[in-house]
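The values are calculated or read from the model by the stated rules, or taken from the named source; none is laboratory data. Remember, predicted model here, so these are calculated numbers, not experimental data. A quick note on method: Cβ atoms are made from the backbone with ideal geometry, for glycine too, and the neighbour counts reach across all protein chains shown. Surface accessibility is based on the protein's heavy atoms, side chains included, excluding ligands, DNA and RNA. Shrake-Rupley method; radii C 1.70, N 1.55, O 1.52, S 1.80 Å.
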Amino acid sequence: MYTPHTHVQYRLAEVGELAEGCIVDMRTPAANRVSVLFSPLQIDERLTQQLTRISSHQVAHGAWRQSGSSMPEGQWLSVTRWERVPGSWLPRGWLVAGIEEAGSCIWLVNEDACTHRLQHDMNDLLYRLASKGVYLQCWFRCPPPPAGELPDPMLRPSAPLTVP
């Protein structure tokens with residue numbers, strides 16, 4: 001389901017917005033709005049601003065769209081995750097950069113801008129959203145599959161992703 005001009009915002013959670021023990025969550029306060037909330041102790045606020053800037057284009061213009069349904073257990077449509085990297089690997093002044101191609105979107109995040117725990121919990125959230133088809137990655141130069149057909153699914157890895 002594509003809603004044109006959906007707005008996405010990454011921001012620090014206010015006191016009481018996240019359940020106890022939760023450090024990242026996604027909310028949809030209105031039909032065309034998505035908020036990703038972070039525990040303030042887990043992330044640099046500048047990273048939330050840069051994530052908003054990059055993701056706003058992707059979501060608002062349909063590169064990532066809500067599908068309205070999910071894939072069967074054990075199958076996925078795309079892979080997206082955060083990888084913590086040295087700041088020197090990123091463009092000057094940036095705490096995040098996305099590397100995206102059909103089927104994957106890897107976010108390179110400055111290792112000083114978020115905690116290991118946040119990386120892990122964000123990857124869990126992204127896994128649930130992208131791997132099960134809640135959000136779909138849309139490539140405008142690639143024609144969609146014929147109506148009623150889904151692309152051949154990939155099988156889930158046999159072991160969960162672990163981050164040292």
task: Give the ranking of 44, 112 by solvent-accessible surface, highest area first, calculated with a 1.4 Å probe.
output: 112, 44
Gain upon complete extension [residue 92, residue 33; 0.36 nm per residue less C-alpha separation]: 18.2 nm
- prompt: How much length, in nm to one decimal, is gained on full extension between residue 125 and residue 99, taken as 0.36 nm per residue of separation minus their Cα-Cα distance?
  reply: 7.5 nm
- prompt: Accessible surface of residue 35 in the full protein assembly, 1.4 angstrom probe, to the nearest 10 Å²?
  reply: 10 Å²
- request: Give the accessible area for residue 45 in Å² (nearest 10); use a 1.4 Å probe, count only protein heavy atoms, and leave out ligands, DNA and RNA.
  value: 100 Å²
- request: Give, as a single signed number, the net charge of other residues whose beta carbon lies under 14 Å from the beta carbon of residue 13, with Lys and Arg counted +1 and Asp and Glu -1.
  value: -4
Integer Hz, Karplus 6.51/-1.76/1.60 couplings in order for the range 91-98, x for Gly and Pro: x, 3, x, 10, 9, 8, 8, x
